[in-house]
Protein chains: 2
Amino acid sequence: MAKKNLFYAQSGGVTAVINATAAAVIETARRYKSRIGKVYAGRDGIIGALTEDLIDTSKESAATVKALKHTPSGAFGSCRYKLRDIDKDASQYERLIEVFRAHDIGYFLYNGGNDSADTSLKISRIAEKMGYPLICVGVPKTVDNDLAVTDTCPGFGSVAKYVAVSIREAGFDVASMARTSTRVFVLEVMGRHAGWITAACGLAAEREGDAPHVLLFPEVRFDQDKFIAKVDACVQHYGYCTIAVSEGLRTADGKFVSETGLRDAFGHAQLGGVAPVVAQLVQQKLNLKYHWAVADYLQRAARHIASKTDLDQSYAVGKAAVEFAVKGYNGTMPVIVRKSNRPYRWIIGKADLNDIANHEKFMPEDFIREDGFHITDKCRAYLSPLIAGEAYPPYRNGLPQYIRLKNRPVPKKLGTEFKL
Amino acid sequence: MAKKNLFYAQSGGVTAVINATAAAVIETARRYKSRIGKVYAGRDGIIGALTEDLIDTSKESAATVKALKHTPSGAFGSCRYKLRDIDKDASQYERLIEVFRAHDIGYFLYNGGNDSADTSLKISRIAEKMGYPLICVGVPKTVDNDLAVTDTCPGFGSVAKYVAVSIREAGFDVASMARTSTRVFVLEVMGRHAGWITAACGLAAEREGDAPHVLLFPEVRFDQDKFIAKVDACVQHYGYCTIAVSEGLRTADGKFVSETGLRDAFGHAQLGGVAPVVAQLVQQKLNLKYHWAVADYLQRAARHIASKTDLDQSYAVGKAAVEFAVKGYNGTMPVIVRKSNRPYRWIIGKADLNDIANHEKFMPEDFIREDGFHITDKCRAYLSPLIAGEAYPPYRNGLPQYIRLKNRPVPKKLGTEFKL
């Protein structure tokens, strides 16, 4: 293939390390001068491609690109935007090809989760149908760790580290105050469908009695009585109890627990937040002083405590994606392949996007302890290497120095507007 | 004075660095072998002294004591326990002296906030009245930064750093998603009466447009309309808006905003949390997608991102407290004296407990911007040095290695139980 430009976009919820993938894409592409022209990024993800709002990354210095490795969030903007069903309306896909053709784009790299893998696949097919030569490569990213095939998902290890560190610290705090003050602490973490992040909290409990004492997974239906008995036993035994709860915790009849309790003063809807509901329940049933925290975006933006392993893997998939593109591996995705646990060794493998798109990876049953309230040793062996290593950003005036790109637009070539 | 034992106790809410003060007390006392016998710590604060439940810190190795410098929370336990009014019932104070006498304690070091300074003062007076020679020295600590005389309070700088880093990171996240997803993010921070922690969030906004865009202080009565107009303008201008709100935010009639909105399904009371109330308000008035986080204990336990300045000062006040004790400075407290802002220079000064007990330090009016929604340059100049420097704990398996002490009890000498 002749020298072509490369299009890269970030999709869906951002992470603490997705910009490391972006840095890898740009840095690697710059090393293939004979094959790759410029790297164009989509402003706000795929929306940038649809609206021909491309960012010229060649305007960014090598130092700036390098700084992306320690900058959380999506440097070019991301989006939650679902393309229409290609069988009913292919116009969006055709528009993408039109934009790619106008800008001489021969490589399409899409950095995201399940949906993005599916989108990459569809774009690959329509390009072929339209006779436009395009190499489509998916690049994995999601804090939810729910992608198929890959051993883990870039972005997850850093959230995992953040929540494990945070609940360990909060546990120490509660332990020292429990005699006369707070006895029960509840931390709410992300993971609407899969309990990977909740499970990661469990890593902090390395020794008998360590926090967290109770994990509430979205995979395990919430049994109020069993839960209260568990908390009571824990407080009797250790003097306090720390709990990590998934935002996706559900009652026996499948409702989100976060939606069962809270009403505003007018009786309207819920305000979100399962932690206060669980904490309040403990207070009502056991009359114990409680505190609760909701980490929300703090957990997935926490570049200051990113996992070195996760950072390395995020960079590696970006680098591999460009190499796959240059090699013409259309319809693929670089994935993490685990070779061994101790010592932890991993390599980059090549997956078929067909095997990833629209599959979801849940926690294996044998990762959850029989009583449903904690992780097993098998789960710990899987998770532990993913949070290993620290990779601190540089600081100035006590604050991490995250970079903002210039994000200069590529001059438009099409005279047409495109309505989203 | 002949060689005497030293009693040390932690009081009230713990911090990420109060154990550094404890380490300093023990390490410094060990250097005064001719003057100080053993350091006894109160188990669960002053309760340990009342119940004669003392911890023998001589059983801890030098390495263990050193590890306290990187361990958050209260290593001997703390408590929220108010001694009775000495004029109505002096029995608790007399009991303390009885315990001190039994264990040959000649130095009393109490590590806490306003209440603890007051307690130290009272104990000093009753000891004198009872003819028991006791040197009482207060040791400053509080995340609330509301102690008088001292320029800042050990413990505050680390919370300040945590919240500033966190809202910067969350701001980057929201900025990259705002086009199609979350537009407004609300972070709730501690500070029931004084807005110091809320103000510290403002440090993250170094350049025009940086997060946080809006600060809601407990010192400024909440004006819904002005607030909504501000958020709206911010979203119009930057595409998104990040807000830091104090848990102590109040309405014009003095009610906590956290208590105005939330009811459980039965219409009962509030569940705590001002962030969801503020976020919901934005949604109702402006129809923008929101997210909110409540940092709660995570902020004050976050040793992983402690401020080096704060750590140094926490150690310095512990060291100075022992030196004050040995010098016989009864009824005093070592405080932080700021010598200059740029470069930031500080020394330890000596304050009279009378000037600290029962005084509260609020944010100066000229630290809050005229519109009430941000900090002034003067405030920034004051706060900025307090979060400077990183002081990372050691890690193993991706997790910070915090120490647990043996906390061996000192054999009881009194045959009497004491009812709390």
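The values are calculated or read from the model by the stated rules, or taken from the named source; none is laboratory data. Predicted, not measured: the structure shown is a model, and the values here were computed from it. Please note: Cβ atoms are built from the backbone with ideal geometry, for glycine as well, and neighbour counts cover all protein chains shown.
Of note, A:Ala233 does not satisfy the criterion of being among the aliphatic types (A, V, I, L, M) and at pLDDT below 95.
Scanning segment A:269-310 for residues that are assigned to a helix (DSSP H, G or I), farther than 22 Å from B:Ala306 by Cα and among the polar types (S, T, N, Q) turns up A:Gln280, A:Gln283, A:Gln284, A:Thr309. Out of all the residues in segment A:212-228, is one or more in contact with a helix residue (DSSP H, G or I) (Cβ under 6 Å, 6 or more places away or on another chain), of a type outside the set (Lys, Arg) and over 22 Å from A:Val294 (Cβ atoms)? No.
Residue by residue, here is whether (1) part of a helix (DSSP H, G or I); (2) farther than 23 Å from A:Asp232 by Cα holds:
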{"site": "A:Leu121", "(1), (2)": "yes, yes"}
{"site": "A:Val143", "(1), (2)": "no, yes"}
{"site": "A:Cys153", "(1), (2)": "no, yes"}
{"site": "A:Lys161", "(1), (2)": "yes, yes"}
{"site": "A:Ala175", "(1), (2)": "yes, no"}
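Candidates are the residues of segment B:272-289 that are in contact with a Ser or Thr (Cβ under 7 Å, 6 or more places away or on another chain) and surrounded by fewer than 24 Cβ atoms within 10 Å (Cβ to Cβ); the one that is farthest from the other protein chains (Cβ to nearest Cβ) is B:Lys289.
Checking each residue in segment A:87-119 for being more than 17 Å from A:Leu353 (Cα to Cα) and not in a helix (DSSP H, G or I) picks out A:Asp87, A:Lys88, A:Asp89, A:Ala90, A:His103, A:Asp104, A:Ile105, A:Gly106. Selection of segment A:86-112 for residues being more than 14 Å from every other protein chain (Cβ to nearest Cβ), in contact (Cβ under 8 Å) with a residue 60 or more places away in the chain and not basic (Lys, Arg) yields A:Glu98, A:Val99, A:Phe100, A:Ala102, A:His103, A:Asp104, A:Ile105, A:Gly106, A:Tyr107, A:Phe108, A:Leu109, A:Tyr110. Condition (residue is of a type in the set (Gly, Ala, Ser) and out of contact with any strand residue (DSSP E or B) (no Cβ under 9 Å at 6 or more places or on another chain)) applied to segment A:144-163: is it met by at least one residue? The answer is no, given that none of the residues of segment A:144-163 is of a type in the set (Gly, Ala, Ser) and out of contact with any strand residue (DSSP E or B) (no Cβ under 9 Å at 6 or more places or on another chain).
In segment A:371-400, the residues that are within 11 Å of chain B (Cβ to nearest Cβ) and at positive phi form Cβ pairs under 6 Å with partners that are assigned to a helix (DSSP H, G or I) and at pLDDT 95 or above, at six or more places apart or across chains, as follows: A:Gly389/A:Lys308; A:Gly389/A:Thr309; A:Asn397/B:Ser384; A:Gly398/B:Lys161; A:Gly398/B:Ile387. Considering every residue within segment A:97-107, establish whether at least one is under 23 Å from A:Ile18 (Cβ atoms) and touching a Cys at 6+ places or on another chain (Cβ under 9 Å). The answer is yes, given that some residue of segment A:97-107 is under 23 Å from A:Ile18 (Cβ atoms) and touching a Cys at 6+ places or on another chain (Cβ under 9 Å).
So for segment B:74-85 (the condition being free of Cβ contacts under 8 Å to residues at least 12 places away in the same chain and surrounded by fewer than 20 Cβ atoms within 10 Å (Cβ to Cβ)), does at least one residue qualify? Yes, segment B:74-85 has at least one match.
Within this structure, B:Gly171 passes the test of being part of a helix (DSSP H, G or I), crowded, with 24+ Cβ neighbours inside 10 Å and in contact (Cβ under 8 Å) with a residue 40 or more places away in the chain. Select from segment B:181-225 the residues that are among the polar types (S, T, N, Q) and either on the phi > 0 side of the Ramachandran plot or in a loop (DSSP other than H, G, I, E, B) (or both) and list them in ascending order. Answer for segment B:181-225, where residues must be among the polar types (S, T, N, Q) and either on the phi > 0 side of the Ramachandran plot or in a loop (DSSP other than H, G, I, E, B) (or both): B:Ser181, B:Thr182. Would you check which residues across segment B:144-194 are among the polar types (S, T, N, Q) and in contact with a His (Cβ under 8 Å, 6 or more places away or on another chain) and list them? The answer is B:Thr182, and nothing else.
The set of residues from segment B:13-43 being among the small types (Gly, Ala, Ser), farther than 25 Å from A:Val174 by Cβ and part of a loop (DSSP other than H, G, I, E, B) comprises just one member, B:Ser34.
When segment A:177-234 is limited to residues that are basic (Lys, Arg) and under 28 Å from the mean Cα position of the chain (by Cα), the one that is farthest from A:Tyr162 (Cα to Cα) turns out to be A:Arg221.
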